[in-house]
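Only one structure is covered here, and it is reproduced in the block below.
The values are calculated or read from the model by the stated rules, or taken from the named source; none is laboratory data. Just so it is clear, the structure is predicted and the values come from calculations on it, not from any experiment. Because the Cβ atoms are built from the backbone with ideal geometry, glycine has one as well, and the counts that use them run over all protein chains shown. Note: accessible area is taken over every heavy atom of the protein model, side chains too, but ligands, DNA and RNA are not part of it. Shrake-Rupley method; radii C 1.70, N 1.55, O 1.52, S 1.80 Å.
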Amino acid sequence: MTARDLVIAVHGSAVPEAGATTARLADSVRARTGAPVAVGHLDHQTPSLPHVLADRPGAVVVPLLLGDGYHRTVDIPAVARAFDCAVTRGLSGEHAVALALYDRLRDAERAAGGAADAVVVAGAGSSRPGGDDGTLAAVRQLGLLLPVPVTAAYCSASAPAPAEAVALLRARGFRRVAVATHLLAPGRFTRALAAVPGTWAVAAPIADHARVARLVAARYAEAGAEAEARYAKARKAEAEYAEAGAGYAAMETGCAEAAAKIPLRVACQRETLPL
């Protein structure tokens with residue numbers, strides 16, 4: 001069976017480095033799955049997601065999103081339906097994301113010259129119910145890995161803002177406050193985080209981390225397994241229908257043969273008998 005196309009749906013950014021980051025992710029996923037891999041953008045960059053899916057009907061779409069906000073729950077499924085594409089779960093709340101954040105944070109701390117004494121997990125932020133759950137899950141998971149306080153902040157739509165969260169921690173006496181960037185690729189949010197005053201270290205985004213590539217590949221594999229299960233169920237139903245049809249045809253044949261053996265005179269009398 002030919003491998004289905006895998007389309008990574010990304011938000012997109014006007015920052016040139018964003019495209020290079022997602023291209024590295026696509027290369028890594030392609031190497032892991034052997035599938036044709038393309039990237040479709042929701043905003044700012046081309047090609048757009050509808051343009052990519054128009055050339056790949058029936059593809060598997062993996063939303064490269066760390067939260068289940070509007071893009072994950074509304075517009076990506078709407079675009080995918082138009083081209084008969086399957087949409088997998090996003091990346092929200094996955095342990096692989098927290099471990100990628102941990103690795104990036106440790107890299108930033110080493111570059112700064114030492115470990116942080118408090119950490120702010122900075123997510124994009126969402127106004128939709130549940131849209132910030134991915135960031136909150138990352139806070140809980142990093143809190144299990146780090147021996148220092150870990151708190152959440154949001155670059156838009158929710159509070160507190162990263163600068164406020166850093167200031168609050170510094171007011172409590174923490175001097176080495178690091179930012180774990182709960183974002184996927186460079187963009188205006190990562191540039192804003194780099195400019196937050198009072199930070200000890202700011203981690204890089206995580207889209208091109210190996211753990212994220214493995215997670216995207218796993219989402220693609222899940223979609224394939226679900227498709228195989230649906231196909232097997234349909235084939236089973238088709239076989240049962242064919243078996244039932246054959247039984248019905250045999251019954252019809254048997255009835256016809258039995259009717260043919262009735263003497264003509266008896267048959268005529270039977271047809272004329274009152275009910």
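Take every Cα pair under 8 Å whose residues are at least 6 apart in sequence, average their separation, divide by the length of the range 1-153, and the relative contact order is 20 percent.
The accessible surface of the range 94-202, taken with every protein chain in place and a 1.4 Å probe, is 55 percent carbon and sulfur. For the residues Thr22, Thr73, a 1.4 Å probe over the protein chains yields an accessible-area ranking, largest first, of Thr73, Thr22. Sorting 170-182, 55-67 by their mean Cβ neighbour count within 10 Å, with the most densely packed peptide first, gives 55-67, 170-182. Think of each Lys and Arg Cβ as +1 and each Asp and Glu Cβ as -1; about the Cα centre, that makes the dipole of the range 86-203 roughly 200 debye. For the range 52-114, the solvent-accessible area with a 1.4 angstrom probe is 42 square angstrom per residue. Taking the three principal axes of the alpha carbon atoms in the range 151-190, the coordinate ranges are 31, 20, 14 Å, sorted in descending order.
Taking the centroid of alpha carbons for each part, the range 66-128 and the range 11-38 are 15 Å apart.
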